[in-house]
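Peer 1: First the structure, which I've put down as C-alpha cells, then a few questions once you've had a look.
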Amino acid sequence: MDFIALENRVSAPNYAPLPVVLARGEGSYLWDVDGRRYVDMMSAYSAVSLGHSHPRILAALTAQAQRLAVPSRAYYSDRLGPFLEELCRVSGFDVALPMNTGAEAVETAIKGARRWAYRVKGVRRDRAEIIVAQGNFHGRTTSIVGFSSEASYRDGFGPFAPGFRAVPFGDLAAMQRAITPDTAAILVEPIQGEAGIVVPPKGWLAGVRALCDRHGVLLIVDEVQSGLGRTGAWFAFEHENVRPDGIIVGKALGGGVLPVSAFVARREVMDVFTPGSHGSTFGGNPLAAAVGLEALHVIREEGLVERSRVLGAYMLERLRAIKSPVLKAVRGLGLWVGAEIDPQIASARMACEHLLAKGVLSKETHDTVVRLAPPLVIARDDLDFALDRFEEVLRDLSVSPRPHPVAA
C-alpha cells in the first residue's frame with residue numbers, strides 16, 4: 001500500500017512530513033514499514049523524551065486501561081490526586097490544573113492570569129494584558145496564534161483576541177516599557193523551541209522575574225518543550241535560579257503515549273478558579289494521571305535529567321567543534337540543540353532529507369535550523385552515530401550546494 005499517497009489524499013494538508021512511513025518505535029529507534037531502522041533525533045518535540053514504548057510507561061498504561069480510563073471529572077478518582085501531588089512536589093508549586101495538550105494548558109494559564117488580574121490585582125474589567133515575546137510558540141489555538149509573530153500561523157485565521165502585547169525575546173528594556181497598570185502577566189518560553197532553539201541572554205529571565213516583582217505582575221513560564229529534563233534540569237527556569245508564579249508543562253508528561261499537560265502555580269493564582277469556570281472532559285482522567293505519574297517516576301529514577309545534562313554538554317561540544325561553511329551557528333542546552341544552516345548554501349529541509357537517507361530522523365524549523373533533540377534515554381553510541389551522520393551531511397551539502405542560493 002502507498003501510505004504516503006493515501007495520507008495525502010485523506011488528510012488535511014497542514015503538515016509537510018519527510019517522505020518516510022513509520023511503523024514502530026523502541027527507545028531512541030524508529031522503524032519504517034520496510035523494516036529500516038532510524039535514530040530518532042526529534043523525539044516528537046519532547047513528547048517522546050522518555051523514548052518510544054518505554055516498558056514502564058506501557059505497563060502503567062495497560063494496567064490502568066484495564067481498570068478505569070475516563071469517568072470525567074464529574075467524580076473523584078484514585079489516580080488524579082497522587083499524580084498532581086507528585087507534579088507539585090517536582091515543580092515546587094502548590095496546585096495543578098490538568099489538561100491534555102500543551103495549547104490547552106497555555107489557554108488555562110491565560111484564563112488564570114486574567115482572572116487573577118481582576119480579582120486579586122484589581123485591573124479594570126476586560127482590560128487585562130499579557131506580555132509575550134516575539135518569536136514565541138505556545139500552540140495553535142486562535143487566541144495563541146493571535147499573538148504569534150509568525151505570519152504563516154496567523155494568515156487567514158483572524159480576527160484575533162485582544163489583550164496581548166509582544167516585545168523582542170531577550171530584550172529586558174523592551175519588556176519593562178511594555179508593562180502598564182493593566183498588565184496581568186508575562187508569558188514566555190525560557191528557551192524558544194519552534195523559533196530554532198533560541199537561548200536568551202544570561203540573566204534575562206531573572207531580570208523578567210525582578211520586573212514582575214516590581215510591578216505586581218505574574219511570571220508564567222511555558223515549559224511544554226523545555227521542561228522535565230530536556231535542558232539538563234527538571235525545568236529550564238532553574239538555570240536562572242528563579243521562581244515563576246506558574247509554569248505550563250506537557251509533552252514529556254505523557255510518557256510518549258498520551259497527551260497530558262497541566263498548568264501548575266501558586267495557590268493564590270489557582271484559587272481564582274471555581275467549579276464551572278474551567279474544565280475538560282479528558283483533562284486529568286485516570287489513564288492520563290497514571291501515565292503522568294509513572295513518567296515523573298521514570299525521569300527521576302532513571303536519572304534522565306542528569307543524563308540530559310551530561311550528554312547534552314557532549315553533543316554541544318561535538319557540534320561546536322565542526323568546521324563547515326554550511327553550519328552558521330549551534331545553540332541549545334541539554335539534549336536540545338538547534339543547528340543553523342546557511343541558507344546561501346542549503347536549506348534545513350535539505351539537511352533533514354539527507355539525514356533521513358543516512359538513517360537519522362530530525363525536522364527543520366523555519367527552513368533554517370535543524371533540531372537535534374533525541375530522547376533522553378539515547379545511548380552515547382547512538383548519539384555519536386547521529387552526529388557522525390550530521391557531519392557527513394554538512395560535508396555533502398558543502399560540495400553539492402542548492403542549485404539557486406536564496407538571499408540571506
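Just so you know, all these numbers are worked out from the coordinates, no wet-lab data involved. Computed from a prediction, not measured in an experiment: that's the story for all the values here. Quick reminder, even Gly has a Cβ in these numbers, built from the backbone with ideal geometry, and neighbours come from all protein chains shown.
Peer 1: In nm, to one decimal, how far is the modelled label at D94 from the one at T62, with both set 7 Å along Cα→Cβ?
Peer 2: 4.2
Peer 1: With Kirkwood's inverse mean 1/r over C-alpha pairs for Rh, give me the Rg to Rh ratio of segment 268-328, two decimals please.
Peer 2: Here the Rg-to-Rh quotient is 1.29.
Peer 1: Highest mean first, how do 86-95, 188-197 rank when packing is the count of other Cβ atoms within 10 Å averaged over residues?
Peer 2: 188-197, 86-95
Peer 1: What translational D, rounded to a whole number of µm²/s, comes out for the chain from Stokes-Einstein when the hydrodynamic radius is the Kirkwood one over Cα pairs, at 10 °C and 1.306 mPa s?
Peer 2: Reported coefficient: 72 µm²/s.
Peer 1: Here's something else I'd like to know. Using the alpha-carbon centroid of each, what span in Å lies between segment 247-293 and segment 104-164?
Peer 2: Spelled out, the Cα-based centre of one part sits 19 Å from the other.
Peer 1: Using the charge dipole of segment 28-141 (Lys, Arg: +1 at Cβ; Asp, Glu: -1 at Cβ; taken about the Cα centre), state which of I110, T62, F83 has its Cα farthest towards the positive end.
Peer 2: Going by the Cα projections, it comes out as I110.
Peer 1: If you take the Cα atoms of segment 325-408, find Rg, then find the Kirkwood Rh from the mean of 1/r over all pairs, what is Rg/Rh?
Peer 2: Radius of gyration over Kirkwood radius for segment 325-408 works out to 0.96.
Peer 1: For the chain, take the longest principal axis of its alpha carbons; what is the angle in degrees between that and the long axis of helix 304-320, to the nearest 10 within 0 to 90?
Peer 2: That works out to roughly 50 degrees.
Peer 1: On a full-extension model of 0.36 nm per residue, what is the gain between V33 and R243, subtracting their alpha-carbon distance, rounded to one decimal in nm?
Peer 2: Length gained, V33 through R243: 71.0 nm.
Peer 1: Rounded to the nearest 0.05, what FRET efficiency do R73 and F157 have when you use their Cβ-Cβ distance and R0 = 22 Å?
Peer 2: Efficiency, rounded to the nearest 0.05: 0.15.
Peer 1: Let me test this: with uniform point scatterers at the alpha carbons of segment 315-368, what is the Debye-based log₁₀ I(q)/I(0) at q = 0.12, 0.20 1/Å?
Peer 2: Once normalised to I(0) and log-transformed, intensities are -0.26, -0.74.
Peer 1: Please work out, to two decimal places, the log10 of the ratio I(q)/I(0) at q = 0.13, 0.15, 0.16, 0.19 Å⁻¹ from a Debye calculation in which every Cα of segment 1-159 carries one identical scatterer.
Peer 2: -1.03, -1.25, -1.31, -1.36
Peer 1: Determine the dipole magnitude for the chain: charges of +1 sit on the beta-carbon of Lys and Arg, -1 on that of Asp and Glu, nothing else is charged, the reference point is the Cα centre, and the result goes in debye to the nearest 20.
Peer 2: 860
Peer 1: If you put +1 on each Lys and Arg Cβ and -1 on each Asp and Glu Cβ, how big is the dipole of segment 281-406 around its Cα centre, in Debye rounded to 20?
Peer 2: 320
Peer 1: What order, most packed first, do the peptides 125-136, 40-51 have when packing is the mean number of other Cβ atoms within 10 Å of each residue?
Peer 2: Descending packing order for the listed peptides: 40-51, 125-136.
Peer 1: Something else: Label-point separation (nm) for E150 and A12, each offset 7 Å from Cα along Cα-to-Cβ?
Peer 2: About 1.6 nm separates the two model spin labels.
Peer 1: Which whole-number value in Å³ per residue fits the convex hull of the alpha carbons of segment 85-138?
Peer 2: That works out to 116 Å³ per residue.
Peer 1: Calculate how steeply helix 380-399 sits against the longest principal axis of the alpha-carbon atoms of the chain, using the helix alpha-carbon long axis, and give the answer as 0 to 90 degrees to the nearest 10.
Peer 2: Value to nearest ten degrees: 60.
Peer 1: Inverting the mean 1/r over all pairs of different Cα atoms, compute the Kirkwood radius of segment 345-386 and quote it in Å.
Peer 2: Hydrodynamic radius (Kirkwood, Cα pairs) of segment 345-386 is 10.9 Å.
Peer 1: Between A313 and A210, what length in nm is gained on full extension when 0.36 nm per residue of separation is reduced by their alpha carbon distance?
Peer 2: Separation in residues times 0.36 nm, less the Cα-Cα distance, equals 34.2 nm.
Peer 1: Give, rounded to the nearest 20 debye, the magnitude of the charge dipole that segment 98-161 has about its Cα centre when Lys and Arg contribute +1 at Cβ and Asp and Glu contribute -1 at Cβ.
Peer 2: I would put it at about 480 debye.
Peer 1: Using a basic spin-label model with each label point 7 Å from the Cα along Cα→Cβ, how many nm lie between A5 and R24?
Peer 2: Taking the two extended label points, one gets 2.6 nm.
Peer 1: Around S53, under 9 Å between beta carbons, what's the net of Lys plus Arg minus Asp minus Glu among the other residues?
Peer 2: 0
Peer 1: Separate question: Compute the acute angle (0 to 90°) between the alpha-carbon long axis of helix 204-215 and the principal axis of greatest extent of the alpha-carbon atoms of the chain; round to the nearest 10°.
Peer 2: 10
Peer 1: Another question, if that's okay. Express in whole angstrom the spacing between the alpha-carbon centres of segment 321-339 and segment 1-34.
Peer 2: Result: 27 Å between the Cα centres.
Peer 1: Shifting gears a bit: Along each of its three principal axes, how wide is the spread of alpha-carbon positions in segment 84-243, in whole angstrom units, largest first?
Peer 2: Answer, in whole Å and largest first: 38, 36, 33 Å.
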